[in-house]
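Here's the structure, in structure tokens; my notes come after.
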Amino acid sequence: MQIKIAPSILASDFSEVGQTVALLEQNGADMVHCDVMDGNFVPPITFGAQLVKNIRPHTRLPLDCHLMTLHPQTHIEDFAAAGADLISVHVEACGKQTGEVLRAIRALGVKAAAVVNPATPVSVLFDWLGDVDMYLVMSVVPGWGGQKFIPESLKKLEELRSFCVKNGKPDVDIEVDGGVTEQNAHEIIAAGANVLVAGSTVFRSADMRGTIASLRRV
Ligand code: DX5
Ligand code: ZN
């Protein structure tokens, strides 16, 4: 499968985010991961659809919007209008409405993903295989960049990839988010993920291009 690297702008300086996304594109990133936090679903507040709209003209890369918000369904139209290419919603926030929310995202012409927190088993995602373009497995507790990768996430990735393969959708993108480094990327990919979010690893690097290339190397 194609390995895609999605640097998270959470680890960047928001005062120059337009230049930052252009730089990510020049340095070989595949997507721009936008961490939207509402101060409720997770304690911090980051940014909303306005910022996504403002960075849209600065890159052709797909904008991968990870909504860590309560009631994500109330925000999806704004993110679609702002230029999001993919919207990820947490099953912990959507509950029984998860399928409905995923279908509403796709109805707006945007790719949809369902996300699970570290404490949520991946089996809750199984019902939505027909409604997603991507699954996202959180490998840290959402809310903060720079945390350590939770090793149990590897088993969850294996279980999810094997479910997709057994159910006739081997090519569904599986994204992993949190604590991805040049050291653990190999085992994460081997476990079944093909989309790697990387915040601190990319933005703390003195060689962004080299780091993105090395994350991709299997
Ligand atoms: C955490 C965010 C992540 C975060 C990853 O809530 O969803 O996308 O930015 O940061 P690193 O790569 O530093 O763990
Ligand atoms: Zn994220």
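Summed over region 34-78, residues that are in contact (Cβ under 8 Å) with a residue 40 or more places away in the chain and among the aromatic types (Phe, Trp, Tyr) total 1. Suppose the filter is hydrophobic (A, V, I, L, M, F, W, C), at pLDDT 95 or above and within 25 Å of residue 62 (Cα to Cα); does residue 124 pass it? Taking the combined requirement at face value, the residue does not satisfy it.
Scan region 71-92 for residues that are within 16 Å of ligand 2 (Cβ to nearest atom), open to solvent by 10 Å² or more (accessible area, probe 1.4 Å) and under 18 Å from residue 143 (Cβ atoms) and the total you get is 3. Within region 19-56, the set of residues being more than 14 Å from ligand 1 (Cβ to nearest atom), under 17 Å from residue 79 (Cα atoms) and not hydrophobic (A, V, I, L, M, F, W, C) comprises 48, 50, 53, 54, 56.
Every residue, every condition in (1) out of contact with any His (no Cβ under 8 Å at 6 or more places or on another chain); (2) among the basic types (Lys, Arg); (3) open to solvent by 30 Å² or more (accessible area, probe 1.4 Å); (4) farther than 30 Å from residue 13 by Cα, yes or no:
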| residue | (1), (2), (3), (4) |
| --- | --- |
| 149 | yes, no, no, no |
| 153 | yes, no, no, no |
| 159 | yes, no, yes, yes |
| 164 | yes, no, no, yes |
| 179 | yes, no, no, no |
| 182 | yes, no, yes, no |
| 196 | yes, no, no, no |
| 203 | yes, no, yes, no |
| 216 | yes, yes, yes, no |
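In region 184-194, the residue that is surrounded by the most Cβ atoms within 10 Å (Cβ to Cβ) out of those that are within 13 Å of residue 1 (Cα to Cα) and away from ligand 2 (no atom under 15 Å from the Cβ) is 192. Scanning region 23-49 for residues being aliphatic (A, V, I, L, M), assigned to a strand (DSSP E or B) and open to solvent by 20 Å² or more (accessible area, probe 1.4 Å) gives a total of 1.
The values are calculated or read from the model by the stated rules, or taken from the named source; none is laboratory data. From a predicted model like this one, the values you see are computed outputs, not experimental measurements. When we count neighbours, we look across all protein chains shown, and the Cβ atoms used for this are built from the backbone with ideal geometry, even at glycine. Quick note on the areas: whole protein, heavy atoms, side chains included, nothing else; ligands and nucleic acids left out. Shrake-Rupley method; radii C 1.70, N 1.55, O 1.52, S 1.80 Å.
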